[in-house]
1. Quick check, is Val169 in contact with a Phe, Trp or Tyr (Cβ under 9 Å, 6 or more places away or on another chain), touching a residue at least 40 places away in the same chain (Cβ under 8 Å), surrounded by 14 or more Cβ atoms within 10 Å (Cβ to Cβ) and under 29 Å from Arg114 (Cβ atoms)?
2. Report, by residue number, each residue of segment 265-279 that is touching a strand residue (DSSP E or B) at 6+ places or on another chain (Cβ under 7 Å) and either touching a residue at least 60 places away in the same chain (Cβ under 8 Å) or farther than 17 Å from Asp236 by Cα (or both).
3. Which condition number in (1) crowded, with 18+ Cβ neighbours inside 10 Å; (2) in a strand (DSSP E or B) is the one that Gly264 fails?
4. Quick test of your reading of the structure: Ala142 fulfils all but one of (1) farther than 23 Å from Leu174 by Cβ; (2) part of a loop (DSSP other than H, G, I, E, B); (3) hydrophobic (A, V, I, L, M, F, W, C). Name the failing condition by number.
5. Are any of the residues in segment 188-195 modelled with pLDDT of 85 or more, of a type outside the set (A, V, I, L, M, F, W, C) and either within 22 Å of Val58 (Cα to Cα) or in the same structural domain as Phe10 (by TED's automatic domain parsing) (or both)?
6. Looking only at residues that are among the basic types (Lys, Arg) and in contact (Cβ under 8 Å) with a residue 24 or more places away in the chain in segment 125-139, which one is surrounded by the most Cβ atoms within 10 Å (Cβ to Cβ)?
Amino acid sequence: MTFHSGFACFVGRPNAGKSTLTNALVGQKVAITSGRPQTTRHTVRGIVHRDDAQLVLVDTPGLHRPRTLLGERLNALVKDTLTEVDVVGFCLPADQKVGPGDRFIAEQLDQLARDGRGTPVVAVVTKSDLVPKGRLAEHLLAVQRLGEWADIVPVSAVGGYQVDTLADVLISHLPEGPALYPDGELTDEPEIVMVAELVREAALEGVHDELPHSLAVVVDEIVPRDQTGDGPPMLDVRVHLFVERDSQKAIIIGKGGARLRDVGSQARRGIEALLGSRVYLDLHVKVAKDWQRDPKQLGRLGF
């Protein structure tokens, strides 16, 4: 049997379903998801293992017209990634009409192709379960008119519709070669980054639209707690959440600290599952004024 291995990258405007699709293909949560746009801040590799192939998925921030220095750096990260993978999945949600953001991304992909740096692009129509069949057919035609695609695949990551088919299509564009990661490994994302992303995901639930762009999370340390008895081991996880204004700090903390406690409870469950240990999660919220536009602060926050 011929074995194929390589990298695939999902691109799309913010909230197009890229992270949810990554998790569905891998079969386990490796990328954070949220109903708020601009959730993903780091590329996350999820690894799909099959008898005949290994598909390494690179999840990226949403490609968009940048309004801040942070936005410019995130876009640069996406474009660099596009030149390094074997196939690109362009995600276009079926429940939203093709719009300026999609056309902007299509133009960027076309420009890369004209520069000789383009790779095969599969148009992935996400959230196909959310629209009637007639509306889906109209959307597929609109996507077809948007550009030249190697394939067009409608999927539903939540319902599992055609997720395996998409994996087949992506793998068909990979070169022959040996496995790139050990069998069973699902991501190469460092634990400290995944912990930060789990906290950020919890903090984004149910907040105002402006906050996702203004929230950064930094894990200060993950250290074993000294044991004083025969109980199971515990880890102390200390995390700082950075926002740009005092009003945003108040949103995160909530009345009497109630919201921050909810964030901690939700994030702790995910962190304990990730680390396989009981966790004491210590959260602190700080204001870093206009950090998205400050090169020094961006550097300190990992961008």
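1. Numbers: in contact with a Phe, Trp or Tyr (Cβ under 9 Å, 6 or more places away or on another chain): no; touching a residue at least 40 places away in the same chain (Cβ under 8 Å): yes; surrounded by 14 or more Cβ atoms within 10 Å (Cβ to Cβ): yes; under 29 Å from Arg114 (Cβ atoms): yes.
Against the criterion (in contact with a Phe, Trp or Tyr (Cβ under 9 Å, 6 or more places away or on another chain), touching a residue at least 40 places away in the same chain (Cβ under 8 Å), surrounded by 14 or more Cβ atoms within 10 Å (Cβ to Cβ) and under 29 Å from Arg114 (Cβ atoms)), Val169 does not qualify.
2. Ala267, Ile271, Leu275
3. All conditions pass for Gly264, except number (2).
4. That leaves (2) as the condition not met.
5. Checking segment 188-195: not a single residue is modelled with pLDDT of 85 or more, of a type outside the set (A, V, I, L, M, F, W, C) and either within 22 Å of Val58 (Cα to Cα) or in the same structural domain as Phe10 (by TED's automatic domain parsing) (or both).
6. Looking at residues that are among the basic types (Lys, Arg) and in contact (Cβ under 8 Å) with a residue 24 or more places away in the chain, I get Lys127.
The values are calculated or read from the model by the stated rules, or taken from the named source; none is laboratory data. Being a predicted model, the structure only gives us computed values, none of them experimental. Virtual Cβ from ideal backbone geometry, glycine too; neighbours counted across all protein chains shown.
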